[in-house]
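Below is one structure, written out as structure tokens, with a few remarks after it.
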Amino acid sequence: MIAFVRGQFAVKTPARVVVDVNGVGYDLQISLNTFSAISNKESGQLFTYLHITENSHTLFGFAELSEKDLFLQLISVSGVGASTARMMLSGMKPEEITRAIVQGNTKQLEGIKGIGKKSAERLIVELRDKLAKQHNENILPGFVTPQIDSDAINALISLGIGRVMAEQAVKKTMQTSPENSSLEEIIKLALKNL
């Protein structure tokens, strides 16, 4: 309904900002991530999402469109409400949340207030593939695979296993298996690690 607001930041706190748009003040709920982005600015544009419930209409503001998109993905998961999604974006940077979901890191997600083990698992199950497709290889920086690793990953992918799961299984296998393991041994062990 309201895609963005642009104007003077009349009030700024870590949880909300009031944007004066030609004399009309829009009260937006924001994450700490957005607050960090606008804390030194007197005016600017925030992308918005209007959350309508039985008891209220709440406008959420985001400094980046990518943060808004992640917020929408998060609230699409059963059991994750708008307040919890905002808490997640306040506790971690959007790219950290995405990486944790794609890599299946439940412990990191559980570190956020309001996210328990079941919620973390549900987020991973429902969003892992979507986020992995959107962010491709960029989400696993620093994970450079030697030839035998990439051959094992490609073999698992050809067996119908998703790239992220295959990479994680091979990585786990490479950490625990002897260095002189053959490609076949690594693939067999990786299949057990899935």
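The values are calculated or read from the model by the stated rules, or taken from the named source; none is laboratory data. Treat the numbers as computed from the prediction; the structure is a model and nothing was measured. Note that each Cβ is placed from the backbone with ideal geometry, even for glycine, and that neighbours are counted across all protein chains shown. The accessibility values were calculated without ligands, DNA or RNA, using every heavy atom of the protein model including side chains. Shrake-Rupley method; radii C 1.70, N 1.55, O 1.52, S 1.80 Å.
Annotation for Val24 and Ser43: the two label points, set 7 Å from Cα along the Cα-Cβ direction, are 1.7 nm apart.
Across Gly25, Gly114, Gly160, mean-square fluctuation computed from a Gaussian network of the chain (C-alpha pairs under 10 Å connected) peaks at Gly160. Site pair Leu65 and Val125 shows an inter-label distance of 3.3 nm when each label is modelled 7 Å from Cα along Cα→Cβ.
How tilted is helix 65-75 with respect to the longest principal axis of the chain? Cα atoms for both, answer in degrees (0 to 90, nearest 10). That works out to roughly 80 degrees. Quick check: at a probe of 1.4 Å, how many percent of the accessible area of region 13-166 sits on carbon and sulfur atoms? Ligands and nucleic acids excluded, carbon and sulfur reach 49 percent. Taking all protein chains as shown and a probe of 1.4 angstrom, Val11 keeps an accessible surface of around 60 Å². So how tilted is helix 117-135 from the main axis of the chain? Cα-based, degrees 0 to 90, rounded to 10. Once rounded, the angle reads 90 degrees. This model, with +1 at the C-beta of Lys and Arg and -1 at the C-beta of Asp and Glu, gives the chain a dipole about its Cα centre of some 420 debye.
Our coupling estimate for region 23-38, obtained by passing each phi through the Karplus curve with A = 6.51, B = -1.76, C = 1.60 and θ = phi - 60°, is x, 10, x, 9, 8, 10, 7, 10, 8, 4, 4, 5, 4, 4, 6, 10 Hz, Gly and Pro reported as x. Stretched out straight at 0.36 nm per residue, the stretch from Asn154 to Gln8 would grow longer than its current Cα-Cα span by 47.4 nm. If R0 is taken as 25 Å, the Cβ-Cβ distance between Lys118 and Leu50 corresponds to a FRET efficiency of 0.30. Restriction of the GluC sites (Glu not before Pro) in region 42-79 to DSSP coil positions whose beta-carbon has at most 15 other beta-carbons within 10 angstrom yields Glu42, Glu54, Glu64. Measuring against 29 Å, Cα to Cα, the residue pairs Lys118/Lys171; Lys68/Lys107; Lys118/Lys192; Lys93/Lys171; Lys12/Lys117; Lys68/Lys192 contain Lys12/Lys117; Lys68/Lys192 as the ones spanning a longer distance. The long axis of helix 183-192 is offset from the longest Cα principal axis of the chain by roughly 50 degrees. Heavy atoms of the protein chains alone define the surface here; on that basis the chain has 57 Å² accessible area per residue at 1.4 Å probe size. In the chain, the DSSP-assigned H stretches of four residues or longer account for a calculated mean residue ellipticity at 222 nm of -15000 deg cm²/dmol, using -39500 (n - 2.57) per stretch and the full residue count as denominator.
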